[in-house]
Amino acid sequence: MKLYEYLAKGIMSKFGIPVPRGGATDDPAEAERIAASIGGEVVVKAQALVGGRGKAGGIKFADSPARAREIAETMLGSELKGVRIEKVLIEEKLKIDKEVYVGITVDTRKARPVLIASSSGGMEIEEVPEKEIVRRLIEPPWGLEGFMGREVTRRLGLSGPVAGRVADVIIRLYQVFAGCDAELTEINPLVISGDRVIAADARLNVDDDALYKHPELPRVEEGTPTELRVKSMGLSYVELDGDIAVMANGAGMAMATLDVLQRYGGRPANFLDAGGGASVEPMAEAIGILLSTKPKAILVNIFGGITRCDDVARALIKVKETTGFPVPVVIRLVGTNEEEGVSLLREHGFEAYRTMDEATRAVVEAAGRANPWQ
Ligand code: GDP
Ligand code: MN
């Protein structure tokens, strides 16, 4: 679960990390009031779970409360990198002397948390040359110890009282990481402004499997409207940017289907694991949702184990009866009740392939023909 910046800052602040004065809102009038209570220049920040908001126009400065309101009005409801902005964060504008990067994530190969720091803060860490990045593995039984914070701060070229404050932030950042069962905690930039050290931006991603231990944490619903709709049916679905919709049973099978599709030059429009043992109704509904995304063709790849081929066939027939199937659908159907499923399909004018290879090539070819939605 990824938390919005304002939520991440709220949590970091509870752990004693200094954050700018300010507040989040979905109401332009409230944005004006927050700006007035801060006084002076403010920053209006789009709350969206995307990186690089600065470059994309999601960070704007306002020299008066009225201007903050105007900016909030334009931002709220608009899209940033394809994501709708529901809230803005209004904060004091910091005078920046220096920006550094500090983050903690899991080094999956070393199976330990890793502290990452760089004096090239502000930009995305992926863009920073490796030689400007400091990494330190953390041993969970000991945690992030004081000397590590100080050593890393020295490596960043900091000295004086500010160095001590940065070291303190690093130690607290690990307390956030461990205390929230995070997968990532990141401050970019950690701003040095005179004697102050302040988290100007914050990310906190919590391990979904640990959420049950954290009723105190806010919950954030992730996903596009379609993703949330399919998720509420108990199926796992991710939108992709291609034009061939895909349904398979089992996550591994769905992943393999996407790979094979790419291999034959097709571009998947989604990942959909229709699950084991889904019944006719939800399967038909899921296929209906795939159609609503207007793909050029649909690939159904079923290796029926718990899933019964005749149920899959019935779901497809149901969709055909209600929608007439406006796009080519290519089906690969083998496994439990295969004969019954295949003969049902034939009776209703569908063809079924036996191998994933044949079906995938057929769907790529079908999608290459004219676009049925134009
Ligand atoms: P991101 O682009 O999504 O990572 O958003 P950030 O919150 O990190 O802001 C991007 C950049 O905007 C920062 O690196 C700063 O250079 C600038 N910025 C953000 N907040 C302030 C601020 O309070 N004062 C000043 N001067 N610049 C800011
Ligand atoms: Mn940032």
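The values are calculated or read from the model by the stated rules, or taken from the named source; none is laboratory data. As the structure is a prediction and not an experimental result, all values here were calculated from the model. Every residue, glycine as well, gets a Cβ built from its backbone with ideal geometry; the counts of neighbours run over all protein chains shown. Side chains included, ligands, DNA and RNA excluded: accessible areas come from the protein's heavy atoms. Shrake-Rupley method; radii C 1.70, N 1.55, O 1.52, S 1.80 Å.
Tell me the per residue accessible area of the chain using a 1.4 Å probe; a whole number in Å² is fine.
Per-residue accessible area for the chain comes out at 48 Å².
Tell me what the chain gives for mean residue ellipticity at 222 nm when only DSSP H runs of n ≥ 4 count, each as -39,500 (n - 2.57), the sum divided by the residue total, rounded to 500 deg cm²/dmol.
-11000 deg cm²/dmol
Per residue, how much space in cubic angstrom lies within the convex hull of the C-alpha atoms of the chain?
With only Cα atoms used, the chain gives 169 Å³ per residue.
With axes computed from alpha carbons, what is the tilt in degrees of helix 5-14 against the longest principal axis of the chain, rounded to the nearest 10 within 0 to 90?
Between helix and principal axis, roughly 50 degrees.
So for the pair Glu124, Ser343, with labels modelled 7 Å out along Cα→Cβ, what separation do we get in nm?
Spacing of the two 7 Å Cα→Cβ label points: 5.5 nm.
For Ala286, what is the net charge nearby, where nearby means another residue's Cβ is under 14 Å from its Cβ and Lys, Arg count +1, Asp, Glu -1?
Charge balance near Ala286 sits at -2.
Considering only Thr293, Gly82, Leu204, whose Cα is most displaced toward the positive end of the charge dipole of the chain, charges sitting on Cβ of Lys, Arg (+1) and Asp, Glu (-1)?
Of the listed residues, the answer is Leu204.
For the chain, what relative contact order do you get, as a whole percent, if you take Cα pairs closer than 8 Å and at least 6 residues apart?
In percent, rounded to a whole number, it is 13.
Given region 227-374, what percent of its DSSP beta bridges are antiparallel, to the nearest 5?
Around 20 percent of the beta bridges assigned by DSSP in region 227-374 are antiparallel ones.
Rounded to a whole number, what % of the accessible area of the chain do carbon and sulfur atoms account for, probe 1.4 Å?
Carbon and sulfur atoms account for 50 percent of the accessible area of the chain.
Say the cut-off is 19 Å between C-alpha atoms; which of Lys2/Lys131; Lys296/Lys320; Lys2/Lys110 go over it?
Lys2/Lys131; Lys2/Lys110, as the Cα separations exceed 19 Å there.
Once Lys and Arg get +1 and Asp and Glu get -1 on their Cβ, which of Ala251, Val330, Gly275 lies farthest toward the positive end of the dipole of the chain?
Ala251
To make sure I understand the rule: partners must be aspartates and glutamates, Cα under 13 Å from the Cα of Lys14, and not fewer than 8 residues away in the same chain. Which ones qualify?
Counting by Cα, and skipping residues close in sequence, Lys14 has these aspartates and glutamates nearby: Glu216.
Going highest first, how would you order 338-349, 308-319 by mean Cβ packing within 10 Å?
Highest-to-lowest ranking by the protection proxy: 308-319, 338-349.
For a test of the definition: using alpha carbon positions, the gyration tensor, and the 1.5 limit on a/c, classify region 116-191 as rounded, prolate or oblate.
Oblate.
Over its Cα atoms, what ratio of radius of gyration to 2.2 N^0.38 Å does region 155-229 give?
Cα-based Rg divided by the globular estimate yields 1.42.
Roughly what % antiparallel, to the nearest 5, for the DSSP beta bridges in the chain?
The antiparallel fraction comes to roughly 75 percent.
With a Förster radius of 35 Å, plug the Cβ-Cβ distance of Glu145 and Val220 into 1/(1 + (r/R0)^6) and report the FRET value to the nearest 0.05.
0.65
Bins of 5 Å, beginning at zero and ending with the bin holding the largest distance: percent of Cα pairs per bin for region 289-374, please.
Once binned at 5 Å, the Cα pair distances of region 289-374 give 3, 16, 25, 25, 20, 9, 2, 0.
Under the Karplus relation 6.51 cos²θ - 1.76 cosθ + 1.60, θ = phi - 60°, what is the ordered set of whole-Hz ³J(HN,Hα) values for region 108-122, x standing for Gly and Pro?
Calculated HN-Hα couplings, in order: 5, 6, 8, 6, 8, x, 10, 8, 10, 9, 7, 7, 8, x, x Hz.
Spelling out what I want: for every residue of region 361-366, take phi, set θ = phi - 60°, compute 6.51 cos²θ - 1.76 cosθ + 1.60 (Karplus), and round to whole Hz; glycine and proline get x.
Per residue, the Karplus-derived 3J(HN,Hα) values read 4, 5, 6, 5, 5, 4 Hz.
Quick one: putting +1 on the C-beta of Lys and Arg, -1 on the C-beta of Asp and Glu, what dipole do you get for the chain around its Cα centre, in Debye to the nearest 20?
The dipole of the chain has a size of about 820 debye.
Quick one: Cα centre-to-centre distance for region 198-274 and region 66-139, in angstrom?
Each part reduced to its Cα centre gives a spacing of 23 Å.
³J(HN,Hα) across region 202-212 via Karplus (A = 6.51, B = -1.76, C = 1.60, θ = phi - 60°), whole Hz, x for Gly/Pro?
Karplus-based 3J(HN,Hα) across region 202-212 equals 8, 10, 8, 10, 9, 4, 4, 6, 9, 4, 4 Hz.
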